[in-house]
Structures are given as structure tokens and as C-alpha cells.
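A short worksheet on the structure shown next.
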Amino acid sequence: MASTLEQGSQIVEKSLLPSHVAIIMDGNGRWAQQRGKPRVMGHRSGIASVRAVIESSARKQIDVLTLFAFSSENWRRPQDEVGLLMKLFIEAIQSEGKKLHENRVRLRVIGDVSAFSQPLQDQIAEIETLTQNNDGLLVNIAANYGGHWEIIQAVRQLADQVKSGEIDVADINNELITKSLALGDVVPPDLFIRTGGEQRISNFLLWHLAYTELYFTDTLWPDFDDDAYDLALECFAGRQRRFGRIAEQLGSDKV
Ligand code: IPE
Ligand code: IPE
Ligand code: MG
């Protein structure tokens, strides 16, 4: 019998769970504004949702979780909000790092971290090193990340390899490009979730989302609890992924 995971009334068969979930955690600012509080309170509350979604993913034995924490475009926000986000980022790594390690989580940051302050870069390097050999859930935090940036990095790397004679132009294929990307060593996301009501990709994982199932919810990120996550996973379990084929070719009972 296939193993099942029971969450309240929701039961999702393990084989129907995604291996990789990618989330745009959106709506913190509006959550705070609706309560007459400064936007940063929403970011603070959002950390509890991050903790919950990591714990839930680990419990469900999902392999990879990629969370969009700060985009390359988010520098355009008011300076004080950016400053507070950076402060929160440092605090969160300090307060959560040890527990993540104890739970065998491997934490990685993808994005151009060179733009961050030295103390933040040091914290990131420290937690990545501490957790690098863990065999549990892999959590990728996308920080100062942009899909365009990631592709530009890959193109530059491949161009260098052509220039040095390491590869030929004709060698450049899907696999080589994928391997040159920041997220090139894991399976692409099966499920993409965006909270906060907007239905756009906002420069997240442009290459990797080619065949990802997209799920949008109006729930604001600080309200995204276990039940909301289960709802997204249940919706995913009902999707039929055809990858260009027709239903009759799949031999699936979800036709
Ligand atoms: C997402 O919430 C968090 C970050 C982008 C850092 P927002 O801050 O975008 O919240 P809204 O969309 O303004 O409500
Ligand atoms: C996307 O959210 C980035 C993160 C959640 C980190 P934004 O709130 O920045 O996206 P836009 O500006 O509404 O597209
Ligand atoms: Mg937003």
C-alpha cells in the first residue's frame, strides 16, 4: 500500500507529493497594513510561516524547498525597508540555524550574495558550511536572486568555457545550461506556489519553471499555515502532467 500523509482531514499519497516545491512568499506588507502596522511587522510575522513550511516539508519528506526571500528588484524599495529586511535576514539565520541543522536540513542561499554586507555574507557562509553534509530537506533561499541574473551567470560561464577551448559551441545543450545555473544540481520544481494574490513570476526561476505546475493563492504569506500548504499539495496531486504528450500516453489513473 502506498504510504500516506495525514494532515487534519487531508490525506495525500506520498507518490503524489512534489519532490521540489518553489514558493514566492508574497503579501507580508499588505498583511501588516491591513492591521494598521508598519510593513516590517509583516516580514517579521512571515518568518513563522517560513519555519512552518520548512517543518511541514521535512515531515512530508519533500526533497527540495526553494523560497524567494529577496529579489534583485527588491533593492528598489524604500531604503529603510531594505535595511530592516537585511536585519531580519541576519536575525533569522542566527535564531533558526541551529535548529535547522539539528533537523538535518541543508541550507543554501542562491543569488548574488556579494551585494550583501560582510556580516550577512559571513552568516550565510557559516550556515551553508554547517549544514552542507546534512541528508534531510534541502532548503534554497533565493536572496538577491533574479532569473535573468541566474541565466546571465550561466551564459558567461559557458562563454568562458568556449573561449578556453574546454567545450565547443555545439556542446551547449539543455543539460549543460542547466548545470551552469545556480539551481542546476536539483530536479526542477514540480510545484510553484505564490501567495498574496498576484499571478506573476516576478523574475523567479525562469529556466526551471518550464514544466512546473503553478498554484496561486490569495492567502497572504503570514497567513500561509499547514492547512493552506496542504490545500496546495492536494491541488497538485490532482494535476495531470503531460510534458507535451496526450493523456492516453500516460497510463495514469488521473486521466
Ligand atoms: C514579500 O512580501 C516579501 C518580500 C518581497 C521581501 P511583500 O513585502 O512584497 O508584501 P506586499 O506584496 O507588499 O504585500
Ligand atoms: C517577489 O515579490 C519577490 C519576493 C517574494 C521575494 P514582490 O512583491 O517583490 O513582487 P512584485 O514586485 O509584486 O512583482
Ligand atoms: Mg509583494
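The values are calculated or read from the model by the stated rules, or taken from the named source; none is laboratory data. Fair warning: this is a prediction, and the values are worked out from it, not measured in the lab. Reconstructed Cβ throughout: ideal geometry from the backbone, glycine too, with neighbour counts over all protein chains shown. With ligands, DNA and RNA removed, areas are computed over all heavy atoms of the protein, side chains included. Shrake-Rupley method; radii C 1.70, N 1.55, O 1.52, S 1.80 Å.
Under a cut-off of 29 Å between alpha-carbon atoms, report the lysines in cross-link reach of Lys37, not counting same-chain residues fewer than 8 places apart.
Once the sequence-local lysines are set aside, what remains near Lys37 is Lys87.
Excluding Leu137 itself, what net charge comes from residues whose Cβ is under 11 Å from its Cβ, given Lys and Arg +1 and Asp and Glu -1?
Values: positive: Arg59, Lys60, Arg104, Arg106; negative: Glu55, Asp63, Asp135.
Here the charged neighbours net out to +1.
Run lengths n ≥ 4 of DSSP H only: what is the helix-derived mean residue ellipticity at 222 nm for the chain, with -39500 (n - 2.57) per run over all residues, to the nearest 500?
Working: 7 runs with 102 residues, N = 255.
Taking each H run of at least 4 residues, the total per residue is -13000 deg cm²/dmol.
According to the Kirkwood expression over distinct Cα-Cα pairs, how big is the hydrodynamic radius of the chain, in Å? Can you show the working numbers first?
Numbers: mean 1/r = 0.0512 Å⁻¹.
Every distinct Cα pair counted, the radius reaches 19.5 Å.
Would you list which lysines come within 20 Å of Lys163, measuring only between C-alpha atoms, while excluding same-chain residues fewer than 8 positions from it?
Counting by Cα, and skipping residues close in sequence, Lys163 has these lysines nearby: Lys179.
Might you tell me the accessible area per residue for the chain, computed with a 1.4 Å probe and given in Å²? Show your work: numbers first, answer last.
Values: 13500 Å² over 255 residues.
Result: 53 Å² per residue.
Using +1 at the C-beta of Lys and Arg and -1 at the C-beta of Asp and Glu, which of Ala210, Ile167, Thr129 has the Cα lying farthest in the positive direction of the dipole of the range 20-235?
Farthest along the dipole direction, towards plus: Thr129.
Please work out the Cα center distance from the range 65-84 to the range 98-130, rounded to the nearest Å.
For the range 65-84 versus the range 98-130, the Cα centre distance is 17 Å.
Determine the sum of side-chain charges near Val113: Lys and Arg each +1, Asp and Glu each -1, restricted to other residues whose C-beta is under 11 angstrom from that of Val113.
On the way: positive: Arg108; negative: Asp112, Asp122, Glu128.
That sum, taken over residues with Cβ under 11 Å, equals -2.
Treating the beta-carbon of each Lys and Arg as +1 and of each Asp and Glu as -1, no other charges, what is the dipole magnitude of the chain about its Cα centre, to the nearest 20 debye? The partial results should precede the final answer.
Numbers: 27 positive and 35 negative charges, 100 e Å.
With Lys and Arg at +1 and Asp and Glu at -1, about 480 debye.
Order 178-184, 217-223 from most to least packed using the mean count of other Cβ atoms within 10 Å. It would help to have the intermediate numbers written out before the result.
Values: 178-184: 17.7, 217-223: 20.4.
Result, highest mean Cβ count within 10 Å first: 217-223, 178-184.
Could you work out the local net charge near Tyr229, counting Lys and Arg as +1, Asp and Glu as -1, over the other residues with Cβ closer than 11 Å to its Cβ? Present the calculation step by step, with values, prior to reporting the outcome.
On the way: positive: Arg59, Lys60; negative: Glu55, Asp225, Asp226, Asp227, Asp230, Glu234.
Local charge sum for Tyr229: -4.
Note down the nm distance, to one decimal, between modelled labels 7 Å out along Cα→Cβ at Arg77 and at Gln240.
4.1
To the nearest 20 Debye, how big is the dipole of the range 168-255 about its Cα centre, given +1 on the beta carbon of each Lys and Arg and -1 on that of each Asp and Glu?
Values: 8 positive and 16 negative charges, 87 e Å.
For the range 168-255, the charge dipole is close to 420 debye.
Throw me the Rg/Rh for the range 210-255, computed over C-alpha atoms with Kirkwood Rh, two decimals. Mind showing how you got there, number by number?
Numbers: Rg = 13.7 Å, Rh = 12.5 Å.
Here the Rg-to-Rh quotient is 1.10.
The range 1-118: D in µm²/s via Stokes-Einstein (Kirkwood Rh, Cα pairs, 37 °C, 0.692 mPa s)?
Details: Rh = 16.3 Å.
Answer from the Stokes-Einstein relation: 202 µm²/s.
For the chain, what relative contact order do you get, as a whole percent, if you take Cα pairs closer than 8 Å and at least 6 residues apart? It would help to have the intermediate numbers written out before the result.
Values: 386 pairs, mean separation 68.7, N = 255.
Worked out over the chain, it gives 27 percent.
Out of the total accessible area of the chain (probe 1.4 Å, heavy atoms of protein only), what percent is carbon and sulfur? The partial results should precede the final answer.
Details: 6750 of 13500 Å².
Heavy-atom surface of the chain belonging to carbon and sulfur, 1.4 Å probe: 50 percent.
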